[in-house]
Structure formats: structure tokens, C-alpha cells
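To start, the structure itself, in C-alpha cells.
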Amino acid sequence: MSKNKEYTEQVIDPLTPILEEPQFSLLGKILTDKIDFERKDLISKPRLVSLFSGCGGLDLGFEKAGFDVVWANEYDKDIWKTYELNHKHTILDRRSITHIETDEIPDCDGIIGGPPCQSWSEGGAKRGIEDKRGQLFYDFIRILSLKQPLFFLAENVSGMLLERHRPALENIKQQFSDCGYDLSFTMLNASNYNVPQDRKRVFFIGYRKDLGLKFQFPKPTTSKTKFTLQRAIGDLIDTAIPNSSGIHKQKIKPILANHEYMTGDFSSMYMSRNRVRSWDEVSFTIQAGARHAPLHPQAPKMKLIEHDKHEFEVNAKHLYRRLSVRECARIQTFPDDFIFDYENISHGYKMIGNAVPVNLANIIAEKIFKDIKNLKWNSTKNKD
């Protein structure tokens, strides 16, 4: 059995200490040589490895900031075509991350990713680290520990902050520190960062300790003047087409790629609260489930008739429809030339709902880019 596989099995228990073996030590000449190599390499675009990449919203945000995503990993076969279509210069590894040895991953300046969030979600079973998907966070740490890039970023749902997950969360934070990184951790609402959506997510960002840097989260850019639904999707009104079959290939084509919406009944859970935001507001969170997509702002807000039960306005029922796949993508700040390739429309909603909003990713990425470029510039200046 390889040491990587031993390490994976070792950290399945969140309370098990890790990084006890000599290969995880930060001492020695290896890191000194690595710093010199990295500072020379930063003359070109910083190289990134993306884990749990999804369709690549986080990756696109970093690319727009000047990074080069050289290698990515995604195990969901329903996403592969979309990722490769929109990230033509990135190598996509389709295997489960648990089967990938660290020496198969290229050297890089940063590792970014969003380990699966379903086990931590407030809307899910909340099993956290007890769920195999929750344990995949440790594969992120395994790879980070051995690759030792300049920085890392990991994103996840706000459900990680639930009291029941506190021991596992504190353990994850400690492991990031133990493998050599100064950790910055916080929860951000995307609506404060040029995204037309209330979307609260936690971010773990770390700079390697020997660099002497501490990441400072950027200040909100739209905390007062929000990016509204009118601005995001107002030009698309009356142009979406219904998709009653769920199959993407239809005789009628939308005027804009992916501008189709799922039809069908609404569950009692869905009708338990209002699902409409007005044109002058930001959207509700774009979720991964197609049937949970918010309703279009053309409709009146739903009427409360009793506890946990709402209904549509009787004279405006024709106005209530789910947001289209493209409208959801716009709200997640994907550009219109980012095409989602799927056979079933539910897969389109899922890819978009699981993504990191591009604008939020870009604002964070620009801050990191500036920090590591300053590191390189100061190094050159000191040598002179």
C-alpha cells in the first residue's frame, strides 16, 4: 500500500492526528529550493490545480484574475463535457480523487476547490464528517500537505458552522495549520461581492507559513448598492422556453443557449415559503436541485395563507415559473458564452447551483494574485 493511501485511511476519523510522518515536515532544504523556484516561475502566470472542480465557476474567476488552471479533477460524468468545453486548456482528470496519487498532480502555485457540500448542508442530512462525501475534505488536505503550493482556497456551505459540526470544523482548521499554512476563515455573502444573489458560503484560505503572509479577505464591493435581478436578467424577460420533458434536445431552440426552464408541479415543501424576489432585489440562493429553483421576478410574491403554506396569486398564476438555466447562470455571474452541455435539464441546474459565483471568485482571486505578485516583486527588490 502506498503512503498516500495509508494517509487517506488514517484521516477518516476526524479526531485522528495527522501529519506525524517525516514527509510532512516543513523543515529542511526542500522548501528553500522550492521558494526560489516559485519566485522565478511567478514571472509567468501562477499555476493552479483545481480539485472538486464542478463546471468551473471558481476556476473561471481565478482565470479572469490572471491565473492558469493547468489541471483539474472532477468525478461527476454529467459535468465533464461542460468543463472541457469551457476550459479548453486545462487537463481534466476524471477519476475519483481517492484514487489519485499526489505525484500524478503537477506542481503548482495554488490549489483551489470546493469539496462536496451535501453532507454539511443545512438542507441535507447534516451528517458532516460522518458522511463519505464530507470525508473528502481530507483528500484535499492530503494533496495540499504533499504538494505544498504557495496558497490554497477551499469553499463550502455555511452549514459547516452548525454546532453539531464544530469538532470536525475545528479539526479541519487545525490540519490546515499542521500542514504548514496560516489560515484565514470566514463566511461571505455573495451579494456583497457583485453577485445578484443571497448566497452564504464559508472560505478557508491559507498562505504557506514560511512566506510570512496572512490573507485578508477583501472588503465588500456591493454591500449598499446591490446587483439586482433587473440588471442581471431583465433583458431576458419573455424569451425563455419551457422544457416539459426534461430532455435538452428540443425542436424549439432558445434565443440564448440554455435559456429554458423546468416545468412541473411544486412540492408542499417548495410552497412552504415565498419563492419570489422582486426585480429590485437580489435572488434567493441558486440551489443544485432543479425543482428548487427560485421563481421568476415577473410574478407577484407568494401569499401566506397559513403556517408553512403559501399560494400563488389567483389572477397571476400564469406568471409563476422557475428561473431558466441561463437565468440561474447569469445570477451565478457566468458569462453568456459559458455553455452548459447536458442531456437532462436537471443536470444543468445542478452544475450551476453547485458552482462558486464567478464574480465572487474573481474578487478573492485578484486579492491573492496581488499578494503573491508582491511577494515575487519584494524578493527581486531585496536581491538587488
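Values in this text are rule-based calculations from the coordinates and carry no lab data. Since the model is a prediction, treat every value here as computed from it, not as a measurement. Cβ placement follows ideal geometry from the backbone for every residue including glycine, while neighbour counts extend to all protein chains displayed.
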Extension gain (nm, one decimal) between Ser96 and Ile247, 0.36 nm per residue minus Cα-Cα: 51.6 nm
Radius 11 Å from Cβ of Asp59, net charge of other residues (Lys, Arg +1; Asp, Glu -1): -2
Average Cα contact separation per residue, segment 171-313, under 8 Å, 6 or more apart, as relative contact order %: 20 percent
C-alpha center-to-center spacing [segment 264-288, segment 56-116] in angstrom: 31 Å
Estimated inter-spin distance, Lys370 and Arg273, nm [label 7 Å along Cα→Cβ]: 3.5 nm
Neighbourhood charge, 15 Å Cβ-Cβ cut-off, centred on Arg275 and excluding it, Lys, Arg +1 and Asp, Glu -1: +2
Least to most buried among Phe137, Phe151 (fewest other Cβ within 10 Å first): Phe151, Phe137
20 Å Cα-Cα threshold exceeded, pairs from Lys45/Lys147; Lys88/Lys147; Lys64/Lys214; Lys219/Lys367: Lys88/Lys147; Lys64/Lys214
Pairs of lysine residues in segment 229-353 - Cα separation under 29 Å, sequence separation of 8 or more or cross-chain: 14
Relative contact order (%) - criterion: Cα under 8 Å, at least six apart; region: segment 229-353: 32 percent
Local electrostatic count at Ala232 - Lys and Arg +1, Asp and Glu -1, tallied over other residues with Cβ under 15 Å: 0
